[in-house]
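These notes are about the structure you will find just below.
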Amino acid sequence: MVDQGGEFWRYLSQNQKDLIIEGQYLISDIIKDDALHFKDYSFLVFPFAKAYEGFLKQLFRDIGFISRLDYISDHLRLGKLMSPELINRLGDRSLYQKIETAADKALADEIWNTWKTGRNQIFHYFPHNLKAIGFSEAEEIVNQITRVMKTAFERLRLAQTVKKLERYV
């Protein structure tokens, strides 16, 4: 779960913190006693996936990957901009390419794969493929989301700081 101290926690918006706290409450205080059984525990991932989206938008705005107008837009398609399959089509708007350039391909893949696993595959409904997950898989996805958030925060903010310092050398 997320440590509620340190620079990463202070960076999160209050809405993101609330989503994480509420998600942790669902997992540890509501579900852990095993009183109820569900066919699908995707609902445990929802608050974390929503916090992940907000966090990425905030981080990308703060490090200059998206504009303030993109950040506040109701039409920004973050998943589309992060897709490695659309690098050529998006050109300099590709967030995947920006992450890869600022850090490396491994981080770009990690952020993208977490998006797919923790958001796209959880939120979407396909009659031929209902992606129902068990409690332990929900916990794994939640841990993946929070780990990648911390890693992205540390690595992309550090990369941005190094880039700024290189201008003065």
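Every read-out reported here was derived from the displayed coordinates using simple, explicitly stated rules and does not represent laboratory data. None of the values given here were measured: they were computed from a predicted structure. Ideal geometry is used to build each Cβ from the backbone, glycine not excepted, and the neighbour counts take in all protein chains shown.
Just to confirm my filter: which helices (runs of 4 or more DSSP H) fall fully inside the range 1-100 and include at least 2 residues that are exposed (fewer than 11 other Cβ atoms within 10 Å of the Cβ), among the aliphatic types (A, V, I, L, M) and in contact (Cβ under 8 Å) with a residue 24 or more places away in the chain?
Helices (runs of 4 or more DSSP H) meeting the threshold: none at all.
Among the residues of the range 104-120, which ones are of a type in the set (A, V, I, L, M) and surrounded by fewer than 20 Cβ atoms within 10 Å (Cβ to Cβ)?
Ala106, Leu107
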